Structures are given as structure tokens and as C-alpha cells.
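What follows draws every value from the coordinates through simple rules; no lab data is involved. Treat the numbers as computed from the prediction; the structure is a model and nothing was measured. Note: ideal-geometry Cβ built from the backbone for every residue, glycine included; neighbour counts use all protein chains shown.
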Amino acid sequence: MKIVAIVQARIGSKRFPEKVLAEINKMPMILRQLSRISRSSMIKEIIIAIPEGTQNSGLARILQESGYRVIRGPENNVLERFLKVITESEPDICIRLTADCPLVMPEIIDEMLGKFLKLKPDYLSNTVHPTFPDGLDIEIFKPKALIELSKLQLKEYEKEHVTIGFHNRQDQFQVVNFHASENHSSFRWTVDYEEDLLFVREVYGHFAGSEDVFSYSDVLDWVDSSKAHESLMSSHKRNESLAKQRDGLIDEI
């Protein structure tokens, strides 16, 4: 069975341009994240889906020189980008990850894949009703389900955010939420803004020398060890820009 992780990335984030190349322990953030994803025992291939155009050519070069496969497609219609990856790689199962989550946990990926293989839904995610920290988002789906979704009348934000259409059509697709044993959804471990880097860099600094292997429980224990650690997390809300976009307040993020 071919399980493919599709990591979407781009240089031109409006909130934090070039964030995927921000340095964490002397390495670009995206390479830190990809190295951790590679620790999954079940993923057969990692493909980075990035936009076409010269703005992202430097990113493509860095990724390819580091041994990763890159497939390029439209910038804002990320759904089309994913469909192109599916056409070219022919996976049996897809995992969607975004390149602003350098604390991704490979053991959670594998646990969720086990659940997906057992239940065989169209879509399984830990984001339908979040209980994990923001920044540990993992979405697993059948390629044929995404193709079916793409044929429906979708809004522009649904094309940009790829899988939000599953959330919005749970009467048409079998959607399963994956819960954590304890709710830490208020924690912010993602990197959407420059200030989000403070917490992530502190985590990586603490685990220097074992950047690829620290676990979810390791980071939770470190956070619990001092109130000062939790205070490093920024105060931005989960998916605040998506909510504004969905409500028509902004065009894109």
C-alpha cells in the first residue's frame, strides 16, 4: 500500500513571508519538519506541493537538493495542486500536512494511519473537533474522495484550504475525528506569525541533538515543567485567518 504525505508549502505567505525557510537550530524550518515526518514507519513517500512561478523556485531547489520530491501547481487553488500530486504519484492513501508545523509528531501520524486503515473512512483528521495543539494538524483521506470533492460546486476558500470541503459536507462523506486523550487544543505550536517562532525555537533548543526524535509527551512534559514555557506561545487564535476568509472579510492568507 502506497501512503503518501503531501506537504503544502510556499514562500509568499502574507502574514510571515518566507517562514518555511526560517532557521531553527541552523536548518530551514521546512527541512526540520520533513526530517521529522520521515520518522513515520508507514509513509512511503513525501511530496512537497509548492506553487508554480519564479518566487518559489529557490524553495524548490533547496528541497530537491535535500532529496525531496517537489510537484508544482497553482498558488491559490491548492486543491488543484493536490490533485496534480495524486495524478502523478498514484497513492492509495494521502496525508495532508502544511509546512508551518515544525513540531509535527510522527508517532501521531502512525497512530492515526492505523485508525484510518481500521475504519476506512473518506477522511480522518484531528482538526474536525480539535483536541491536539494547533500545529499538530494531520489529515488523512482517500484520493478518490478528494477527486469526488473537487467535482462539486466549491467556494474559493474551499479550493485554497483543500480539505475544508469534507468538514462542510459530512452528509456526503464519511468523516472521522481523531481525539487526543487530553484536550490541549488551546496550545499554539504552529508558525503562522513571526512571534510563533519563539516557542518553536525554544522547544528545538531544549531538544538540541535529538530534533527528529522528541515526542508529543516529551514536549508536553517540558511545557508542564514551567509556566514560563507555556507563556512563550503566542496569543493568536486557531485558524483565525481561515475564519475571516470564510466569512468574506479577507480574500486570502
Query raised in the report: Which residue fluctuates the most in the chain, going by a Gaussian network model with Cα springs under 10 Å, if the choices are 226, 150, 234?
Result: 226
Report summary line: Taking placed amide H atoms and a strict 5 Å upper bound, the residues 5 or more places from residue 99 or on another chain that come that close are 8
Query raised in the report: What residues have an amide H closer than 5 Å to that of residue 75, excluding those fewer than 5 places away on the same chain, when H is modeled at 1.01 Å from N in the peptide plane?
Result: 52
Requested in this report: Note the full-extension length gain between residue 18 and residue 39 as 0.36 nm times their separation in residues minus their Cα-Cα distance, in nm to one decimal.
Outcome: 5.1 nm
Report task. Taking every pair of alpha-carbon atoms in the chain, give the share separated by more than 33 Å as a whole percent. Result -> 13 percent
Query raised in the report: When the Cα centres of segment 80-139 and segment 1-62 are compared, how far apart do they sit, in Å?
Result: 15 Å
Report summary line: Over the Cα atoms of segment 157-241 the radius of gyration and the largest Cα-Cα distance (Dmax), both in Å, equal 16.1, 47
Query raised in the report: D for segment 79-118, whole µm²/s, Stokes-Einstein with Kirkwood Rh over alpha-carbon pairs at 25 °C and 0.890 mPa s: what number?
Result: 207 µm²/s
Query raised in the report: Tell me, what HN-Hα J-couplings in whole Hz come from the Karplus equation 6.51 cos²θ - 1.76 cosθ + 1.60 at θ = phi - 60° for each residue of segment 148-162, using x for Gly and Pro?
Result: 5, 4, 5, 8, 8, 7, 9, 7, 4, 5, 6, 6, 6, 9, 6
Report task. Go ahead and run the numbers for FRET between residue 52 and residue 227, Cβ-Cβ distance against an R0 of 45 Å, rounding to 0.05. Result -> 0.45
Query raised in the report: Do any of 19/159; 14/237; 19/227 go past 20 Å between their Cα atoms, and which?
Result: 19/159; 19/227
Query raised in the report: With the dipole of segment 103-253 worked out from charges on the C-beta (+1 for Lys and Arg, -1 for Asp and Glu) around the Cα centre, which of 166, 234, 129 lies farthest toward the positive end?
Result: 166
Query raised in the report: Could you name the lysines in cross-link range of residue 115, using Cα to Cα under 22 Å and dropping any fewer than eight places away on the same chain?
Result: 2, 44, 142, 144
**Report entry** Relative contact order for the chain, counting Cα pairs under 8 Å that sit 6 or more residues apart, in percent
**Finding:** 21 percent
Requested in this report: In vacuum, with every alpha carbon of segment 71-150 counted as one equal point scatterer, what does the Debye formula give for log10 I(q)/I(0) at q = 0.12, 0.16, 0.22, 0.23 Å⁻¹? Two decimals, please.
Outcome: -0.36, -0.65, -1.17, -1.24
Query raised in the report: So what does log10 I(q)/I(0) come out to for segment 106-158 at q = 0.22, 0.27, 0.28, 0.31 Å⁻¹, using the Debye formula with one equal point on every Cα and no solvent?
Result: -0.92, -1.10, -1.12, -1.19
Query raised in the report: Counting each DSSP H run of 4 or more residues in the chain as -39500 (n - 2.57), what helix-only mean residue ellipticity at 222 nm follows after dividing by all residues, to the nearest 500 deg cm²/dmol?
Result: -10000 deg cm²/dmol
Report task. With θ set to phi - 60°, apply the Karplus curve 6.51 cos²θ - 1.76 cosθ + 1.60 along segment 11-18 and write out the HN-Hα couplings as whole Hz, x wherever there is a Gly or Pro. Result -> 7, x, 5, 6, 6, 8, x, 6
**Report entry** Other-chain or far-sequence residues with amide H under 5 Å of residue 176's (modelled H)
**Finding:** 123, 124, 125
Report summary line: Once both label points are put 7 Å beyond Cα along the C-beta direction, the residue 1-residue 174 separation in nm becomes 1.3 nm
Query - Under 16 Å from the residue 66 label point (7 Å along Cα→beta-carbon), backbone N, segment 16-30 - result: 18-30
Query raised in the report: Just 137, 196, 218 to compare: in a GNM of the chain, with alpha carbon springs under 10 Å, which one fluctuates most?
Result: 218
Report summary line: Long-range alpha-carbon pairs in segment 20-113, meaning those over 20 Å apart, account in percent for 37 percent
Report summary line: Expected max-MSF residue from 152, 79, 113 in the GNM of the chain (alpha carbon, under 10 Å) is 152
Report task. Towards the positive end of the charge dipole of segment 20-84, with charges on Cβ (+1 Lys, Arg; -1 Asp, Glu), say which of 51, 79, 25 has the farthest Cα. Result -> 25
